[in-house]
1. Considering only the range 151-168, state which residues are over 22 Å from Lys189 (Cα atoms) and either polar (S, T, N, Q) or in contact (Cβ under 8 Å) with a residue 40 or more places away in the chain (or both).
2. Note down all Cβ pairs under 6 Å where the first residue falls in the range 68-93 and is modelled with pLDDT under 95, the second is among the acidic types (Asp, Glu), and they're at least six residues apart or on different chains.
3. Name the residue, out of Ile158, Ile127, Ile175, Ile153, that is part of a loop (DSSP other than H, G, I, E, B) and modelled with pLDDT of 95 or more.
4. State whether the residues of the range 154-170 include one that is β-branched (Val, Ile, Thr) and over 23 Å from Leu14 (Cβ atoms).
5. Are there strands (runs of 3 or more DSSP E) fully within the range 1-79 with at least 1 residues that are surrounded by 15 or more Cβ atoms within 10 Å (Cβ to Cβ)? List them.
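The values are calculated or read from the model by the stated rules, or taken from the named source; none is laboratory data. These figures come from a predicted structure and were not determined experimentally. Positions of Cβ are generated from backbone atoms using ideal geometry, with glycine treated the same way; all protein chains shown enter the neighbour counts.
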Amino acid sequence: MFTVVDHPLIKHKLAILRNKSTEHRTFRELIEEITTLLFFEATRDLKTCKTTVETPLAKAEVEILENDKFVIAPILRAGLSMVEPLLKIAPSAKVAHIGMYRDPSTLKPVSYFFKIPKNPENYMFFIVDPMLATGGSAVEAANTLKKAGGKNIKLLCIIAAPEGVENFTKSHTDIPVFAASLDEKLNSKGYIIPGLGDAGDRIFGTS
């Protein structure tokens, strides 16, 4: 399942994010804000259970999450920019790390680091990466999580290319994908068009 979260606030923030003149500090802030909005949609189906609390005036019947065991799993390095806003919403979440880079000649993902909590079958994993381009890194990240025992997984990205969406959804039919935008295509170098350039460089001010 692939979902574009169609919201006026996201559209407005994306417009500024894409602008090549947007400096890296503002760029980071926008990534965080859009990530927060994506997370609300990605967790819409969470189950709740009823309980009772006592307010200053009376007892109230309320609802709480049945399961709040979350793991945020950023694909390094750009995915790190999406961790902090999720921790603000779910401060008890654990943070995994999936280290991958794209070989510039083959465009294939190369894995160099993988660290997740014990008993992964008990957690809901949120793989996060600003860009879903070829989909190779996301596919491999999900493969690795599943091999390690992860069963409940979702993917959050800011910009997606049709090629990446097709690749990922065919490889992992059971993992929902949430994106802020579905762009036109990939160019010959594997960059998303119109996209926003290299997310990692723009986030961290590198080149």
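1. Hits for the range 151-168 are Asn152, Lys154, Leu156.
2. What qualifies is Gly79/Asp129.
3. Ile175
4. no
5. In the range 1-79, the matching strands (runs of 3 or more DSSP E) lie at 2-4, 70-76.
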